[in-house]
1. Using 7 Å Cα-to-Cβ label points, what is the LYS160/CYS122 separation (nm, one decimal)?
2. What percent of all Cα-Cα pairs in segment 172-284 falls in each 10 Å bin, counting up from 0?
3. Between GLU8 and ASP149, what length comes free when the chain is fully extended (0.36 nm per residue of separation minus the Cα-Cα distance, one decimal in nm)?
4. When 1/r is averaged over all different Cα pairs and the result inverted, which Kirkwood radius in Å belongs to segment 101-217?
5. For the chain, what does the helix formula give at 222 nm: sum of -39500 (n - 2.57) over DSSP H segments with n ≥ 4, over the residue count, nearest 500 deg cm²/dmol?
6. Starting from the Cα-Cα distance between GLU57 and GLU258, subtract it from 0.36 nm times their residue separation and give me the gain in nm to one decimal.
7. Quick one: how many Å² of ARG107 are accessible to a 1.4 Å probe, rounded to 10?
8. State the percent of C-alpha pairs, over all pairs in the chain, separated by a distance greater than 30 angstrom.
Amino acid sequence: MLGFSVNEIDRSANHRRDQAWVAAQLASPKAAVIDIAGDKVGIIAGHVRTRLPRDGEELVFLGCDQDDQPFFGSRCTNAEEDWRDLRSLAIEGAVSAAELGLLAQARSLINWHITHGFCANCGAATLMMDGGYRRHCDACGLDHFPRTDPVIIIVVRSSKGLLLGRQKVWAPGMYSALAGFMEPGETIENAARREVHEESAIRVGEVHYVMSQPWPFPSSLMIGLIGEADSDEITVDPVELETARWFERDELLLMHEERHPDGLKFPTRMAIAHHLILEALQLP
């Protein structure tokens, strides 16, 4: 299962601007608060740990589930010893896909509030509004809204196979799709072509969209693509990558089955790169 990609919550965007409505959700006996410390949360019996709201605390409204149970997120300054990080939960499938998606939403929103407590226009303190989906500056009247950073991630194909690279900080033997942040004024396709050329000197022609994945570290949207190479001579940018090379189908199948003689592998099923590689190989 692609991690963080399922979120069944109703975010109630048409209601959360009403402070009285949000207050009523907080007062509900079914209201549930998820504490998040960095990217760690408490887990009990395979479910995310929740608690009742406390008087006077600032919470972000996440939404209501199919049973009209309202959920809120809270910043916790200290994780308890047995709390788990979101990456581990996703890799292990330790909670349901729907709960994992809810955690991604909560983690991204809470991080945005931590880093946007002051107005970028005048420097005054801002106030949380709309259940956490807006911060307002009374001093200059400017409104600030949560941001999501778009990231392209692309598997490039040629007659030599699939282009994958690795960074020094990754686990030994790990190779993955090339990726990078989009820049202002770029299309998705041109951002992908630029990133691939910057990192590997490979020119990419046709690009097509496959899938996307919310990535709450801290708040990105991975835009998954497959591209067709117009060149095949690799020159690696050592600032971006440790190495990059072409992988033929048979070698990729060994990596997928974790039978590669050199211990090479690509990301687990929770990562979009895994699914892009399978899609490029035309495997289920």
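1. 5.7 nm
2. That works out to 13, 43, 38, 6, 0, in percent per bin.
3. Details: separation 141, 0.36 × 141 = 50.76 nm, distance 2.20 nm.
Here the segment from GLU8 to ASP149 would lengthen by 48.6 nm.
4. Working: mean 1/r = 0.0582 Å⁻¹.
Hydrodynamic radius (Kirkwood, Cα pairs) of segment 101-217 is 17.2 Å.
5. Working: 6 runs with 65 residues, N = 284.
One gets -7000 deg cm²/dmol as the mean residue ellipticity at 222 nm.
6. Numbers: separation 201, 0.36 × 201 = 72.36 nm, distance 4.77 nm.
Separation in residues times 0.36 nm, less the Cα-Cα distance, equals 67.6 nm.
7. Looks like 40 Å² after rounding.
8. Details: 16157 of 40186 pairs.
So the pairs more than 30 Å apart make up 40 percent of the total in the chain.
The values are calculated or read from the model by the stated rules, or taken from the named source; none is laboratory data. Keep in mind that this is a model prediction, so the values were computed, not measured. Cβ coordinates were reconstructed from backbone atoms using ideal geometry, including for glycine residues, and neighbour counts include every protein chain displayed. Side chains included, ligands, DNA and RNA excluded: accessible areas come from the protein's heavy atoms. Shrake-Rupley method; radii C 1.70, N 1.55, O 1.52, S 1.80 Å.
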